[in-house]
Amino acid sequence: MKNFFALLIGTFVLQLSFSQANLPALGNTYIQGQIINNGKNQTVMLCNQNLGGASSPVAVVKTDSLGRYKIDTAIPFQDYYFLRFDNGQIYNMILFGADSIKVYTDTRDALRFTNIVNSPHSVLMNEFLRKFYDFRAFEDSLRNVIKYNPALQSKADSVLNQKPKCFMDTEMRLFLLTVHHRQSLLPSAQLIRKKNGNFTSR
């Protein structure tokens, strides 16, 4: 089970790890967004973890009285980015430069209640993350059942070995879309898998 997730997460991260040296930004990234619940006068940050995350955002804007905002900024490289909202919620995106994206977010649960338009990579990434976190919650519940009834261990193992297959369709679609968009993906799968080798361990 752990080896499956190491391979799965490693392969998934492989698709998101773009070569920063070989893939220069193609122009400003434009994000038109709206916070749809109590979004008035909130701060929205565009961040990249490799550039310091929320402590050093790429761009910072304020929403208007209707929760609307616009981000129009150059990004230093094509990579994984995220929007961070006032309440600490984040929404993950994949940006290539010269993006033109619309984002509508209920910040009570940004992962589950965000609609993003014109960013198919981001849609697939967040679809994968929703499935993954749902599975982790299911896995934790199953572990609690086993804790109180160890006789169910073999049945639980059977369920856990089947359940992750639901990730593969989303991950494969993201892979094909990414390769179609850009051929020069250069990160080391070996290092990624080593880093994520204990991802599901307890």
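The values are calculated or read from the model by the stated rules, or taken from the named source; none is laboratory data. Given the structure is predicted, the values throughout are model-derived calculations rather than measurements. All Cβ positions, glycine included, derive from the backbone under ideal geometry; neighbour counts span all protein chains shown.
Yes or no, residue by residue, for (1) under 16 Å from residue 46 (Cα atoms); (2) among the hydroxyl-bearing types (Ser, Thr, Tyr):
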residue	(1), (2)
64	no, no
73	yes, yes
94	yes, no
116	yes, no
121	no, no
| remark: Matching residues in region 37-50 (in contact with an Asp or Glu (Cβ under 6 Å, 6 or more places away or on another chain), at pLDDT 95 or above and either under 22 Å from residue 117 (Cβ atoms) or outside the structural domain of residue 99 (by TED's automatic domain parsing) (or both)) number 1
| task | Of the conditions (1) of a type outside the set (A, V, I, L, M, F, W, C); (2) in a loop (DSSP other than H, G, I, E, B); (3) under 21 Å from residue 109 (Cα atoms), residue 76 clears all except one; give me its number. | result | (3)
